[in-house]
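*Asks:* Sending over a structure as structure tokens; questions will come in a sec.
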Amino acid sequence: MNRFWSPVTRDLSPYVPGEQPRVPGLIKLNTNEHPEEPSAAALAAIRELPGDALRRYPDPESLALRQAIASQEGLSVEQVFVGNGSDEVLAHVFQALLSAETGFSVPDITYSFYPVWARLYGLVCEQVPLDDGMGVDLEGHAASPLPILLANPNAPTGTALDLEAVRYLVGSNPDRLVVIDEAYYGFGADTAAVLLAEADNLLITRTLSKSHALAGLRVGYALGSPGLIEGLVRVKDSFNSYPLDALAQRAAQAAVEDSAWLERASASVIAARDRLAQELGALDFEVCPSKANFLFARHRRIPGRVVFDALREANILVRRWDKPRIEDYLRITVGTEDQCRRLVEVLGGIVGR
Ligand SMILES: *Cc1c(COP(=O)(O)O)cnc(C)c1O
């Protein structure tokens with residue numbers, strides 16, 4: 001607390017990201033970073049950047065990157081917005097497309113940044129409980145008149161709605177905005193992007209942090225109707241004209257264009273995830289069906305806190321929330337083959353098999 005803080009600042013309760021500790025030998029499975037190196041083409045784009053590209057301001061519209069994304073999705077460039085990480089894109093969604101009069105609805109268990117933005121921008125956030133299987137309550141959201149913000153796959157559960165479910169939600173009220181946060185795009189879930197051709201009340205956000213192994217680059221984007229995108233641009237141009245630096249624009253473009261990398265790397269994460277889910281099951285963990293690059297699991301007998309601490313003791317970091325309903329769950333990022341093997345070995349010791 002400081003006497004110069006504004007009333008808004010005094011009332012904030014900021015998001016706390018997963019730790020990034022510098023512990024030698026730590027197996028870090030707590031922030032859903034991709035286990036592989038990013039596309040070689042993206043790294044080459046950074047290495048080969050001419051000095052002049054840093055001397056000058058970058059393209060404020062990130063046109064080449066937006067064109068690359070648009071052509072991959074079969075959309076026009078006016079349907080693509082880019083930002084400094086999808087967290088920034090989502091923050092702009094709050095200012096540009098949601099309002100204090102309406103608020104919005106989210107599942108009760110979801111990305112814990114949503115209520116933080118709600119507070120920052122003074123919006124009420126209605127929570128619709130997940131069903132008993134930790135899945136999103138489709139009817140519960142459809143029945144509410146509020147704009148909907150859904151992570152699909154959801155975080156931290158990893159479960160996903162299929163395309164028909166999202167189509168139903170979007171179509172159930174054409175005058176209600178539906179924002180689908182596809183941060184875990186690429187790991188086997190349906191994308192709602194095909195619905196953009198039939199609906200102008202849908203906005204999709206994505207990030208290169210998870211699917212493209214570029215969390216350090218900070219690039220996210222939104223797909224939607226030209227009108228929704230224009231709203232985001234208005235906020236962006238009232239906030240920061242150059243959210244993406246020259247390095248980020250070039251590397252992101254190269255990464256997006258390298259679809260062979262995405263296909264291969266995603267297949268490898270999916271295979272590792274499904275193997276790990278089986279191995280956890282064999283150790284008596286109950287595992288939510290995941291379409292993301294992480295698993296959400298609880299042991300049938302041992303409390304989450306105990307497993308978490310024992311893993312930490314063994315230099316393995318996962319994520320856990322001290323929240324009702326999910327306090328016994330661990331969210332475990334799918335790591336490299338070696339990391340997964342070590343995790344299963346240590347868990348075997350903890351659960352006594
Ligand atoms: C990781 C994550 C984000 C943010 O991604 P960045 O692009 O790295 O800011 C947004 N939404 C969800 C659900 C996430 O898990």
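What follows is calculated from the coordinates using simple rules that are stated; it is not laboratory data. Everything numeric here is computed off the predicted structure, so don't read it as measured data. Cβ sites come from the backbone with ideal geometry, for glycine too, and all protein chains shown count toward neighbours.
*Asks:* For segment 178-212, give me the residue count where each residue is assigned to a strand (DSSP E or B) and either more than 12 Å from the ligand (Cβ to nearest atom) or free of Cβ contacts under 8 Å to residues at least 60 places away in the same chain (or both).
*Replies:* So the count comes out to 5.
*Asks:* Restricted to segment 84-118, and to residues that are assigned to a strand (DSSP E or B) and out of contact with any Phe, Trp or Tyr (no Cβ under 7 Å at 6 or more places or on another chain), which residue is nearest to the ligand (Cβ to nearest atom)?
*Replies:* Selected residue: PRO107.
*Asks:* Something else now. Which of the residues that make up segment 5-26 are closer than 23 Å to LEU120 by Cβ, among the aliphatic types (A, V, I, L, M) and surrounded by 11 or more Cβ atoms within 10 Å (Cβ to Cβ)?
*Replies:* Listed by number, the residues that qualify are VAL8, LEU12.
*Asks:* Which of the numbered conditions does ASP175 fail, given that it passes all the others? Conditions: (1) within 16 Å of the ligand (Cβ to nearest atom); (2) more than 30 Å from GLU48 (Cβ to Cβ).
*Replies:* (1)
*Asks:* (1) closer than 18 Å to LYS210 by Cβ; (2) in contact with a Lys or Arg (Cβ under 7 Å, 6 or more places away or on another chain); (3) of a type in the set (A, V, I, L, M, F, W, C): which one isn't true of PHE285, the others all being true?
*Replies:* (1)
*Asks:* How many of the residues in segment 97-148 are of a type in the set (S, T, N, Q), in contact (Cβ under 8 Å) with a residue 40 or more places away in the chain and surrounded by fewer than 18 Cβ atoms within 10 Å (Cβ to Cβ)?
*Replies:* 2
*Asks:* Given the condition touching a strand residue (DSSP E or B) at 6+ places or on another chain (Cβ under 9 Å), among the charged types (D, E, K, R) and within 20 Å of ARG273 (Cα to Cα), answer yes or no: does some residue in segment 343-352 qualify?
*Replies:* No, because not a single residue in segment 343-352 is touching a strand residue (DSSP E or B) at 6+ places or on another chain (Cβ under 9 Å), among the charged types (D, E, K, R) and within 20 Å of ARG273 (Cα to Cα).
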